[in-house]
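Have a look at the structure below, then the notes.
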Amino acid sequence: MRGVKFGFVPTTILAMVDAAIGGKNGIDVGLYKNLVGTIRQPEFLLLDYAFLQSLPDSEWTNGFAEIIKHACIKDRSLFELLEDKSITFFKSSTENIDALINRNVELKCDVVVNDEYETGERKLLNFGHTLGHAVENIYDLPHGNAVSIGMVAACTISEKINNFNSTDKDRVISLLKKYHLPVDLKFDRDKVWEVLLMDKKKSGDIMNFILLNAIGDGIVRPIPLNQLEDLIIYV
Ligand SMILES: NC(=O)c1ccc[n+]([C@@H]2O[C@H](COP(=O)([O-])OP(=O)(O)OC[C@H]3O[C@@H](n4cnc5c(N)ncnc54)[C@H](O)[C@@H]3O)[C@@H](O)[C@H]2O)c1
Ligand SMILES: [Zn+2]
């Protein structure tokens with residue numbers, strides 16, 4: 001009786017492209033984030049786009065944060081497609097949203113299949129999530145909004161220490177704005193630093209931070225904590 005079989009029926013964009021995939025799935029319970037979860041692959045995923053008819057605009061926006069994340073770390077042509085289209089376009093027909101969601105499901109599945117236990121490439125999926133989780137917790141932001149702010153911060157750090165082009169950084173910021181995501185937050189740096197120190201991506205005196213080489217090309221970069229503390233001033 002070790003475990004029962006299960007499947008997922010995600011009802012938000014965010015869950016369809018991200019939270020329901022990967023075999024490491026948590027849901028919030030009351031005040032507690034990701035309190036109940038699974039660590040096995042589901043038997044099935046059932047994506048019924050009829051759910052999206054009632055999904056509020058704010059939740060479409062949250063879902064697009066993870067879609068933009070996928071484009072930034074792995075898929076430059078997806079990034080260009082997102083630049084070219086808009087939420088209105090993807091909402092306008094089942095075919096349009098189906099193509100986009102499938103592309104994102106495939107992208108996440110590929111990463112997970114190649115690295116089920118998160119030893120390498122899967123870490124890329126944490127792009128925007130280090131600072132993102134910290135501000136999400138402290139300021140009680142919706143997940144996608146917090147990840148958006150985290151991605152802008154990661155772009156700034158990428159520009160400072162990874163030769164990420166400033167024009168590309170501006171493109172990421174413009175794309176986030178286009179999908180109605182926040183790109184700026186006046187946060188308390190001391191509080192954020194305190195929370196960052198508890199991040200699971202910290203190992204000894206190093207934080208494994210996800211940066212961009214270019215749009216569509218993410219990397220995991222170990223950053224010494226003392227250097228990171230200085231860099232936080234810029235974000
Ligand atoms: N890898 C992971 O495990 C992972 C990643 C990201 C998020 N999560 C977790 O996944 C869970 C799901 O998050 P989520 O963003 O999908 O949102 P959610 O389930 O928190 O839903 C967001 C809001 O939209 C409403 N809603 C959901 N579907 C709707 C629909 N079809 N029509 C109308 N309203 C609808 C909900 O009632 C809620 O108010 C959260 O607990 C989150 O913490 C897990
Ligand atoms: Zn996320």
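The values are calculated or read from the model by the stated rules, or taken from the named source; none is laboratory data. This one's a predicted model, so the numbers in the text were calculated from it and none came from an experiment. Positions of Cβ are backbone-derived with ideal geometry, glycine not excepted, and every protein chain shown enters the neighbour counts. Surface areas here come from the heavy atoms of the whole protein model, side chains and all, with no ligands, DNA or RNA. Shrake-Rupley method; radii C 1.70, N 1.55, O 1.52, S 1.80 Å.
For the reader, a short list of remarks on this structure follows.
- Some residue of region 127-146 being surrounded by 19 or more Cβ atoms within 10 Å (Cβ to Cβ), in contact with a Pro (Cβ under 7 Å, 6 or more places away or on another chain), under 28 Å from L31 (Cβ atoms) and in contact (Cβ under 8 Å) with a residue 24 or more places away in the chain: yes
- Candidate set from region 63-90 (those that are touching a residue at least 24 places away in the same chain (Cβ under 8 Å) and open to solvent by 10 Å² or more (accessible area, probe 1.4 Å)); member that is nearest to ligand 2 (Cβ to nearest atom): K74
- Some residue of region 14-31 being in contact with a helix residue (DSSP H, G or I) (Cβ under 7 Å, 6 or more places away or on another chain) and away from ligand 2 (no atom under 16 Å from the Cβ): no
- The set of residues in region 172-208 that are in contact (Cβ under 8 Å) with a residue 40 or more places away in the chain and closer than 16 Å to Y234 by Cα comprises L185, F187, D188, R189, K191, V192, L196.
- Any hit, region 189-208, residues being at pLDDT 90 or above and closer than 22 Å to I67 by Cβ: no
- Across region 91-108, the qualifying residues are those that are in contact with a helix residue (DSSP H, G or I) (Cβ under 8 Å, 6 or more places away or on another chain) and open to solvent by 60 Å² or more (accessible area, probe 1.4 Å), and the one among them that is farthest from ligand 1 (Cβ to nearest atom) is R103.
- For beta carbons closer than 8 Å, sequence separation of 6+ or different chains, a first residue in region 153-171 that is under 18 Å from L131 (Cα atoms) and free of Cβ contacts under 8 Å to residues at least 40 places away in the same chain and a second that is open to solvent by less than 30 Å² (accessible area, probe 1.4 Å) and assigned to a helix (DSSP H, G or I), the qualifying pairs are K169/C155; K169/T156; K169/S158.
- Scope region 20-37; condition in contact (Cβ under 8 Å) with a residue 24 or more places away in the chain and more than 9 Å from ligand 1 (Cβ to nearest atom); matching residues: G23
- Residues of region 47-62 that are closer than 14 Å to Y179 by Cα and open to solvent by less than 60 Å² (accessible area, probe 1.4 Å): W60, T61, N62.
- Scanning region 189-218 for residues that are farther than 24 Å from I73 by Cβ and either surrounded by 14 or more Cβ atoms within 10 Å (Cβ to Cβ) or among the basic types (K, R) (or both) yields R189, K191, W193.
- Considering each residue of region 10-19 in turn, none proves to be touching a residue at least 40 places away in the same chain (Cβ under 8 Å), of a type in the set (S, T, Y), open to solvent by less than 80 Å² (accessible area, probe 1.4 Å) and more than 8 Å from ligand 1 (Cβ to nearest atom).
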